[in-house]
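Read the structure below first, then the notes.
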Amino acid sequence: MTENSENTEPKINPIRSGSKSLGFMFVFMGIVILALFYAVFESFTYQNLTSEEHIVDLKENDDLEKRVYSALRLGELADTTAIPQLLSSLRNEPDKYVRGRCAEALGKMGTRSTIPALLEIVETDSTSLVKVYAIWAIGNLQAETAIEPLSKYLGSEDSFVRLNVIQSLGEIGSPNGLEILQNYKTKNALEDSVLEVSISKLTNKN
């Protein structure tokens, strides 16, 4: 082989090379568009499930995201036939995000008979996240009978729990709650701010 032939670069047809690149690009874009279409279609389909279908998914679906979404949708639909399954999942579901959304959903149902179960969760659940959702739900249900049992958690070592109890007592809107909050000694500046808002809300109501 001559010296010139060793140093000669192979000739590349720019048109053919460019065509291959464009071909790969179009294939890739097609895959992306198809994936997006499927995701949108699945989301739309899942959003339009009935309460009964969401109840089944909350109970049986192995997909964590779908169980979370079913709990969320059941709260939005406010179908009280879902309460037994929401209570069951609140107590037995291993994932904290699902349990939290179940508590939230119960707070949107307007059924105050679930308050004892929600108070039980505040007492027994191992995570701040679920406790906070349950406290929010109790406040949203606005039952005066919950004021005394809820107020004891102002002594919690968990700052998130205390903050949400302050907010929920403000939401319940009772003179009893106002008195409790006026006598509460805050632990930090954030509690000062939240307490001020809750007391103002209660003062305006009463």
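Of the residues N204, N176, only one is of a type in the set (S, T, N, Q), without any contact (Cβ under 8 Å) to a residue 12 or more places away in the chain and either part of a helix (DSSP H, G or I) or in contact with a Lys or Arg (Cβ under 7 Å, 6 or more places away or on another chain) (or both); which? Reasoning before the result, please.
Numbers: N176 fails: without any contact (Cβ under 8 Å) to a residue 12 or more places away in the chain.
The conditions single out N204.
So which residues in the range 58-74 are assigned to a helix (DSSP H, G or I), surrounded by fewer than 21 Cβ atoms within 10 Å (Cβ to Cβ) and of a type outside the set (A, V, I, L, M, F, W, C), if there are any at all?
If the condition is that a residue be assigned to a helix (DSSP H, G or I), surrounded by fewer than 21 Cβ atoms within 10 Å (Cβ to Cβ) and of a type outside the set (A, V, I, L, M, F, W, C), then K59, E60, E65, K66 are the ones that fit.
Consider I166 carefully, then state whether it is in contact (Cβ under 8 Å) with a residue 12 or more places away in the chain and outside the structural domain of E196 (by TED's automatic domain parsing). Spell out the reasoning first.
Details: in contact (Cβ under 8 Å) with a residue 12 or more places away in the chain: yes; outside the structural domain of E196 (by TED's automatic domain parsing): no.
Judged against the criteria, I166 is not a match.
State yes or no: is K152 in the same structural domain as M109 (by TED's automatic domain parsing), out of contact with any strand residue (DSSP E or B) (no Cβ under 8 Å at 6 or more places or on another chain) and either in a helix (DSSP H, G or I) or without any contact (Cβ under 8 Å) to a residue 24 or more places away in the chain (or both)?
no
Which one of A105, A117 is over 17 Å from the mean Cα position of the chain (by Cα), assigned by TED's automatic domain parsing to the domain that holds I55 and hydrophobic (A, V, I, L, M, F, W, C)?
Values: A105 fails: over 17 Å from the mean Cα position of the chain (by Cα).
Residue meeting the stated conditions: A117.
The values are calculated or read from the model by the stated rules, or taken from the named source; none is laboratory data. These figures come from a predicted structure and were not determined experimentally. Quick reminder, even Gly has a Cβ in these numbers, built from the backbone with ideal geometry, and neighbours come from all protein chains shown.
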